[in-house]
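Structure first, commentary second.
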Amino acid sequence: MDRPLWRQPEFWTTVAAVVVLSVGHYTAPTHDPFWHDLFRRLYYLPIILAAFRYGLSGGLVTSILVSLLFLPHVLMTRAMLPRQASEAVFEIPLYLIVGIVTGILSDRQRKANESLRRAERLRTLGEMAAGMAHEVKNPLAAIRSSAQILAGHVSGKDAEFAGIVVSEVDRLNKVVNEFLEYARPAPLKREPVKLSAVLDSCLELLAPVIKQAGVAVKRTYPSDEGTVDADSAQLRQVFLNLILNAIQAVENQGSVEVSVRESGRETQVTVKDNGPGIPPDKLTSVFEPFYTTKPGGTGLGLPIAQRIVAEHGGRLVIESTPGEGTTATVILPGG
Ligand SMILES: Nc1ncnc2c1ncn2[C@@H]1O[C@H](COP(=O)(O)OP(=O)(O)O)[C@@H](O)[C@H]1O
Ligand SMILES: [Mg+2]
């Protein structure tokens, strides 16, 4: 929710409706069933309004509130009009059902809208990225080779500058490539994959980085591991991203643990480090494109990893305790 509750007109409309209806209901002439039936039914309006606006929690809270306000009424009527009271008592479960069902439907609708907007944004991004690939990558290649030629003809400070041009062009290239990958995902090519084998190949590829960072890596795999139906090349990219993040987080005196665990119909891959961790208020930001705290970072590693895992029908969960470390868990169906 954007604004605080007390500054939202829907909140006050709901409160006002409940108050007005309750006052009306309690002051209605006792022996006139017309008014009682009317107020009893009008109570559905604030319940539906709150459920629409605030989802399940709004519907539930309002229907419970209305039920509590209505309950003494039922008890009062019971003394005077027993037949009417027994009829009225059924209204309470109905309030709750309407609150809950409307709330659940409205929550579901909101989620569907959200993912639709996300898909739409990604599509636009993909089209932009395709254009950018042409416009940016070709000149970059030309700049890079020209700078390299220049570097061969000069010496001293000038050669150093030419070197900076080359390395900065490489960095730009990396950003463009990663951005393309994020914005225009390749379709999955599924095959039976042994996750420990994918992890092993990532660790092999990263061996020089691991050695340079002085990081100890521990592996824990199941003894008779099964396979999952997955795109091994894309998963490799996910694990490379996660392991690289872990290595960059620990630097020198740290350790990284990779493990595969099979449980029921899921397989979990965890990459755990004992680095500085992520502050709780940044735990959702890390999935935003371009969020990075590293000087040379692109901030696309986790968004890409999350997208690939989601395409496999799985989830990527990051848990972190500042000062203790971070655990990234990839949960894949099957295994
Ligand atoms: N294992 C980790 N420990 C601490 N911080 C992490 C870890 N993994 C990711 N982060 C944080 O999330 C940010 C985004 O990560 P990522 O999307 O991979 O982009 P990049 O690595 O290019 O910065 C990182 O810059 C870092 O601040
Ligand atoms: Mg990264």
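The values are calculated or read from the model by the stated rules, or taken from the named source; none is laboratory data. Remember, it's a predicted structure, so these values are computed and weren't measured experimentally. In this analysis, Cβ positions are derived from the backbone assuming ideal geometry, glycine residues included, and neighbour counts consider all displayed protein chains.
Checking the condition farther than 20 Å from residue 320 by Cα, in contact (Cβ under 8 Å) with a residue 40 or more places away in the chain and assigned by TED's automatic domain parsing to the domain that holds residue 324, which residue from 259, 232 passes?
Being farther than 20 Å from residue 320 by Cα, in contact (Cβ under 8 Å) with a residue 40 or more places away in the chain and assigned by TED's automatic domain parsing to the domain that holds residue 324 holds for just one of 259, 232, which is 232.
Filter the stretch 295-311 for residues that are exposed (fewer than 15 other Cβ atoms within 10 Å of the Cβ) and either over 16 Å from residue 178 (Cα atoms) or among the acidic types (Asp, Glu) (or both) and give the result.
Of everything in the stretch 295-311, those that are exposed (fewer than 15 other Cβ atoms within 10 Å of the Cβ) and either over 16 Å from residue 178 (Cα atoms) or among the acidic types (Asp, Glu) (or both) turn out to be 295, 310.
Criterion first (away from ligand 2 (no atom under 16 Å from the Cβ), within 23 Å of the chain's Cα centre (by Cα) and part of a helix (DSSP H, G or I)) does residue 200 satisfy it?
Spelling it out, it is not the case that residue 200 is away from ligand 2 (no atom under 16 Å from the Cβ), within 23 Å of the chain's Cα centre (by Cα) and part of a helix (DSSP H, G or I).
Scan the stretch 271-313 for residues that are under 16 Å from residue 231 (Cα atoms) and in contact (Cβ under 8 Å) with a residue 40 or more places away in the chain and jot them down.
Residues satisfying the conditions are 304, 305, 307, 308, 309, 311, 312.
Go through (1) loosely packed, with under 13 Cβ neighbours inside 10 Å; (2) more than 29 Å from residue 298 (Cβ to Cβ); (3) small (Gly, Ala, Ser) and name the single condition residue 99 misses.
The failed condition is (1).
From the list 267, 284, which residue is loosely packed, with under 15 Cβ neighbours inside 10 Å and in the same structural domain as residue 317 (by TED's automatic domain parsing)?
The unique qualifying residue is 284.
Residue 9 versus (1) more than 21 Å from residue 71 (Cα to Cα); (2) surrounded by 14 or more Cβ atoms within 10 Å (Cβ to Cβ): which is the lone unmet condition?
The failed condition is (2).
Which residue out of 324, 251, 288 is among the charged types (D, E, K, R) and within 25 Å of residue 115 (Cα to Cα)?
Answer to the check: 288.
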